[in-house]
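Have a look at the structure below before the remarks.
Read-outs throughout are calculated quantities, based only on the coordinates presented, and are distinct from any laboratory measurement. Note that the coordinates shown come from a computational prediction; the quantities given were computed from them, not determined experimentally.
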Amino acid sequence: MNLAEAAAQADGLAQDGSQQELASLRTQWDDEVEGAARSADYRERAVAYRAIGQFRYRQKLELLRRGLEDESPACRGSALLSLELLSRDAPGAINSSRPLLHTLVNSDTNEAVRRLAIVCLRNGSPARDTLVLLGGLAEDDEQNQELRAAARSVAAALTKKAREKG
């Protein structure tokens, strides 16, 4: 079994609520994930960053942040997918990465990475600076249509969240 297959298995265990089996698999693959994240090959790094989320490795958020700054769009995208997955039930991961996510949203050279960063912001707290950023992107006619739609949708969700909090 390779890392991608183990990560898919871990994701299935996490979805099934099989915490004991997931913990065992995490222990077994911990060194492999760390090694792959430091690989010279961007494909191996991308698999590692994606695996962090699939294994639900909350203690590897710093490693994920390195993935967000990786030179490869594939690695940044994989790290964003994991960050989004890890932040679904708690906004802390997004809130602590917010400045970096804002940078990706504003200036990443890859449109898909920019959209993924916007989607991640949905799981964070409804911070004013994020709402202003997303609102500006949603109204900017020079932005790609999909990016504008994502920004509009996430801004609406965060605004609703802010109203509910009260």
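Observations on the structure shown:
- Spherically averaged projected area of the convex hull of Cα atoms, the chain: 9.9 nm².
- Mean silhouette area of segment 91-166, derived from the convex hull of its C-alpha atoms and averaged over all directions, reads 4.4 nm².
- If you look at the Cα atoms of segment 1-86, you get an Rg and a Dmax of 11.7, 36 Å.
- Spatially proximal lysines relative to LYS60 (Cα-Cα < 25 Å; intrachain offsets below 8 disregarded): none
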